[in-house]
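Structure first, commentary second.
The values are calculated or read from the model by the stated rules, or taken from the named source; none is laboratory data. All of these numbers come straight from a predicted model, not from anything done at the bench. FYI the Cβ positions are ideal-geometry reconstructions off the backbone, even for glycines, and counts take in every protein chain you see.
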Amino acid sequence: MMIGKTNSLTFTSLFFLILISLIVNSFIFNSLLIIYIFLIFSLISLVITKYGLKIIKRLNLIQNIRNEGPILHFSKKNTPTMGGIFIILPYLLLLLIVNNSFNSSGISLLIFCTISFFTIGFLDDYLSITTKKNTGLKSNEKFLLQSLVSVLFILLASQSNNINPLITLSNNWSLDTNIIIFPICFVTLVGLSNAVNLTDGLDGLASGCSSIAFFGLGTEIFIKDQKELIIYGLISYAMSGLCIGFLKYNKYPAKIFMGDTGSLTIGAALGSISILTNSFFMLFIISGIFIIEALSVMIQVSFFKITKKLFKNGKRVFLMTPIHHHFELKGIKEEKIVENFWKINILLVVLGIVLKIKL
């Protein structure tokens with residue numbers, strides 16, 4: 001993959017890499033709709049973000065920067081936030097249109113999940129802006145709301161036979177999880193929602209990785225070659241387009257942030273589609289960046305608490321978490337960190353696809 005030296009070329013390279021891959025997929029899966037839906041929703045996101053940015057500025061929805069963050073981030077304090085609206089609303093509109101045509105219980109569940117997590121993220125962002133603090137909802141309040149939505153989603157999905165306890169690892173390998181599938185689904189939804197949220201700390205990091213991950217998820221669903229799941233593959237490609245369109249204005253230096261409104265819902269979208277399509281194995285691979293970001297925070301907090309209890313003085317594994325801040329404090333430029341994380345995410349998607357085909 002060729003990555004240009006300028007920011008615009010970096011964005012352009014990622015866009016065309018995904019587009020070329022989709023063109024290849026369209027021939028393999030004999031569906032030009034794959035290309036059309038990606039391009040249409042990329043354009044939709046690009047246009048509404050461009051003009052919606054003016055509205056966000058007019059409403060003075062400005063990101064609050066946390067005091068304990070990297071010093072360089074204080075230059076971002078006047079950046080508009082809640083841009084996730086321009087990703088999630090077109091996604092929700094797509095789901096409503098699809099549900100009107102297919103009347104599917106699975107699509108209805110996606111609508112419920114999207115609206116619920118979007119509301120949590122919106123509320124968190126709104127409170128953060130009105131209180132002029134970096135955090136809106138308290139962490140325990142946010143977790144409780146996410147948990148309630150996730151439990152309800154899992155119960156409804158189970159009742160409508162949209163959860164399969166037999167997790168498919170490949171065409172020849174599967175794992176019968178029995179009732180363990182329910183905590184797996186819970187961790188997938190709540191965990192991934194928060195993991196994407198944690199990743200959204202550098203310009204273009206979460207939006208770029210999300211576009212790559214949705215591409216990988218859509219491709220895995222098409223590889224399954226199950227007619228009833230194809231619509232979820234197309235929805236994933238649409239989300240890939242929405243994220244890449246938003247990235248145009250979210251890349252370094254960001255003109256707008258997605259906020260929890262976007263990151264929490266994007267993570268939930270990845271998780272919910274994977275649950276409904278039994279794509280847990282692929283999701284685990286293509287979400288590697290999100291998982292590493294979340295694990296770095298868990299390791300840091302746990303290690304600090306343990307060493308504080310043992311030695312009366314808490315110690316840290318990383319300079320700062322999530323881990324992208326560790327690299328920042330090491331002196332690596334923000335653009336380079338994001339670019340390298342994108343590359344890793346691309347390699348993870350390739351790995352996931354190869355394993356899916358070969359195993």
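When you scan the range 266-276, do you find a residue that is without any contact (Cβ under 8 Å) to a residue 12 or more places away in the chain, β-branched (V, I, T) and either more than 20 Å from C185 (Cβ to Cβ) or crowded, with 20+ Cβ neighbours inside 10 Å (or both), even just one? Even if it seems obvious, please write down each step before you answer.
Here is the first cut: in the range 266-276, the ones without any contact (Cβ under 8 Å) to a residue 12 or more places away in the chain are none.
No - not one qualifying residue is present in the range 266-276.
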> If we keep just the residues of the range 168-180 that are of a type in the set (A, V, I, L, M) and in contact with a helix residue (DSSP H, G or I) (Cβ under 9 Å, 6 or more places away or on another chain), which is modelled with the lowest pLDDT?
Replying inline: L169
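Answer yes or no as to whether I71 is touching a helix residue (DSSP H, G or I) at 6+ places or on another chain (Cβ under 6 Å), at pLDDT below 95, of a type in the set (V, I, T) and more than 17 Å from A238 (Cα to Cα). Spell out the reasoning first.
Working: touching a helix residue (DSSP H, G or I) at 6+ places or on another chain (Cβ under 6 Å): no; at pLDDT below 95: yes; of a type in the set (V, I, T): yes; more than 17 Å from A238 (Cα to Cα): yes.
So I71 fails the test.
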